[in-house]
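The values are calculated or read from the model by the stated rules, or taken from the named source; none is laboratory data. What you are looking at is a predicted structure, and each value in this text was computed from that prediction instead of being measured. Methodologically, a virtual Cβ is constructed for each residue, glycine included, from the backbone with ideal geometry; neighbour enumeration extends over all protein chains shown. We work out accessible area using only protein heavy atoms, side chains counted, and drop any ligands, DNA or RNA first. Shrake-Rupley method; radii C 1.70, N 1.55, O 1.52, S 1.80 Å.
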Amino acid sequence: MTDHDIRVLDDSQYRTAHTLFRGTLHHTAAPDDQWAFARESYDEGRAFGAFADGEMIGTLQSFPSRLAVPGGAVLPHAAVSRVGVRADWTRRGVLSAMQRAQLRALRSAGDVIATLRASETAIYGRYGYGVATRYRALRIDRLKAAPRTRPVGRVRLVEGEAGERIARGLFDELSPGRAGTIARWPAWWSLNVRRVAAEENVKIAVRSAASGTSGTSGASAASGEDDGYVAFKVVPGSHDPNEGKPTTLMVLDLWARDAEAWADLWLFVLGIDLVAEISAFGRPLDEPVQWLLGDRRACRIVDEADETWLRLLDVPAALAARTYRQAEPVVLGVRDAYLPENAGSYRVTADGVTRVDDAPELVLDVDVLASAYLGDVSFTSLAAARRLDAPTPTAPARADALFAVSTPPWSGTYF
Ligand SMILES: CC(C)(COP(=O)(O)OP(=O)(O)OC[C@H]1O[C@@H](n2cnc3c(N)ncnc32)[C@H](O)[C@@H]1OP(=O)(O)O)[C@@H](O)C(=O)NCCC(=O)NCCS
């Protein structure tokens, strides 16, 4: 018998949950105009509360989404967020109880994968979440960058809702696409773009293939199809370099259909006058920005950190959905304390995965499998770090050959 219980929240409780969550991050309650945006991000059946003595003491929720896995399949995915327990109730098992309820509910509803962004790395491994993608943060000294090449298409600024509409259309075409990328839910755009755009002067620039001469607010390309966009904002500083407050352009979101569009979008931001520094957060590990520059040292990688924490809710469905390279089979033994129906042996071959009774050649917890699932880390590295057991010493190398990917997984969506 615990001193708290977990319930699915209804419409009348969402604002209390939102305020509670914000309080755990040391923020005050959202004013009415902000709540109007946040309200849209609560979906029926997806928000949970923990209650004690008639009061809400903890909450978590998820957004409905889809996630791409190696080979291109797209799986039902829950984006878990707004996790918080009131400070006077922490370390009494409230989060563990909410996790148990949420993992069970998500799996029962048919989500195959859940992901989240972790405030602290110590929290989520115990619930079966492992780091499955990483991102880079870049800082570019624009005045030293000296791009080696010039744009070949046209990049134009598109104001207001027209810019958001084009960006959304392009994003929905491109993500989920690469392994790790996800579908954004409608409220993602209103919370992260529309609300912020008004308050913080966010601009959207759209790229099209052929050069043209459209004005700055045109919603359609002068010629050629739109094939990429960048959302950015400029934080004005001082023009005096001695003051140490450079005018900084922050790249918030950049998606392109192909390499040509990608390069043009970077060349566009690199060409904006009176900007001393460009910073970009949440970028993929393989983005070759330095190679665009005359002085590659003008671009520094200032961070490389965990992005997606991934939970395999339905291990057989997730293993069956991705593709594998041609290599010798391996039998994985999976442990899962929170969703025990996932535990067991899985024979992975180039042609697919079957559940078997064979003795495992490689034994690992479900959070460790999550880290290897999209190809971000090799089984050999995990074995070296003693995160898995390999009763058959050749098994990690065979698993590596099967799970190998040519492009590092990446999400590119913060929530
Ligand atoms: C993180 C948070 C939700 C944890 O809630 P909680 O109810 O205290 O968690 P539990 O009591 O269920 O903890 C379960 C286990 O996780 C550990 N744990 C929980 N939060 C931890 C943290 N921040 N750092 C290290 N360990 C943590 C507990 O010590 C406990 O370990 P044990 O099982 O070995 O005893 C809560 O501390 C909180 O609201 N923090 C501020 C907001 C926040 O960071 N939210 C996460 C946003 S992604």
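Counting other Cβ atoms within 10 Å, keep those with at most 16, restrict to DSSP loop, and tell me which GluC sites (Glu not before Pro) in the range 6-80 are left. Each step should come with its number before you reach the end.
Details: sites: GLU40, GLU44, GLU55; in loops: GLU40, GLU44.
Of the GluC sites (Glu not before Pro), the ones in loops of the range 6-80 whose Cβ has at most 16 other Cβ atoms within 10 Å are GLU40, GLU44.
Could you give the length gained by full extension between TYR414 and ALA109, i.e. 0.36 nm per residue of separation minus their alpha carbon distance, to one decimal place?
In short, 107.4 nm is gained.
Based on the Cα atoms of the range 5-111, what semi-axes does the equivalent ellipsoid have, where each is the square root of 5 times one gyration tensor eigenvalue, given in whole Å with the largest first?
25, 17, 12
How many times 2.2 N^0.38 Å is the alpha carbon radius of gyration of the range 136-305?
For the range 136-305, the normalised Cα radius of gyration comes out at 1.01.
Using the alpha carbons of the range 317-403, what is the convex hull volume per residue in cubic angstrom, as a whole number?
Details: hull volume 7.4 nm³, N = 87.
Cα convex hull per residue, to the nearest whole number: 85 Å³.
I need the helices of the chain that pass two filters: whole DSSP H segments spanning 20 Å or more by Cα along the axis, and mean Kyte-Doolittle score no lower than -1.0.
94-108, 160-174
Go ahead and run the numbers for FRET between ALA259 and ASP10, Cβ-Cβ distance against an R0 of 45 Å, rounding to 0.05.
0.40
Using a simple spin-label model with points 7 Å from Cα along the Cα→Cβ vector, what separation in nm is obtained for ASP273 and ALA137?
Result: 3.1 nm between the two label points.
Stretch GLN290-THR323 to full length: gain in nm at 0.36 nm per residue minus the Cα-Cα span?
Contour length minus Cα-Cα distance gives 8.7 nm.
Calculate, for the chain, the solvent-accessible area per residue in square angstrom, rolling a 1.4 angstrom probe over the heavy atoms of the protein chains. Don't skip to the end; give the middle numbers.
Numbers: 18670 Å² over 415 residues.
Value returned for the chain: 45 Å² of accessible area per residue.
Rank LEU374, LEU95, LEU143 by accessible area, highest first, at a 1.4 Å probe radius?
Correct descending sequence by accessible area is LEU143, LEU95, LEU374.
Given 0.36 nm per residue, what is the gain on full extension from ARG91 to GLU243 after removing their alpha carbon distance, in nm?
Result for the pair: 50.2 nm of gain on full extension.
Step through the residues of the range 382-391 one at a time and calculate ³J(HN,Hα) from phi using the Karplus curve (6.51 cos²θ - 1.76 cosθ + 1.60, θ = phi - 60°), rounding each to whole Hz and writing x for Gly and Pro.
After applying 6.51 cos²θ - 1.76 cosθ + 1.60, I find 5, 5, 4, 7, 6, 9, 8, 10, 10, x Hz.
At what distance in nm do the modelled label points of ALA384 and GLU341 sit from each other, each positioned 7 Å from its Cα along Cα→Cβ?
That separation, rounded to one decimal, is 3.8 nm.
How large is the translational diffusion coefficient of the chain in µm² per second when you combine the Kirkwood radius over alpha carbon pairs with Stokes-Einstein at 4 °C and 1.567 mPa s?
Answer from the Stokes-Einstein relation: 56 µm²/s.
What is the Cα centroid distance between the range 304-379 and the range 131-149, reported in whole angstrom?
33 Å
Rounded to the nearest 0.05, what FRET efficiency is calculated for GLU55 and ASP351 with R0 set to 56 Å and r the Cβ-Cβ distance?
According to the calculation, E is roughly 0.55.
Which of the peptides 109-117, 69-77, 382-390 is most tightly packed, and how do the rest follow, going by the mean number of other Cβ atoms within 10 Å of each residue?
Highest mean packing first, the order is 109-117, 69-77, 382-390.
Once you have the alpha carbon radius of gyration of the range 121-178, what is it after dividing by 2.2 N^0.38 Å, with N set to its residue count?
1.81
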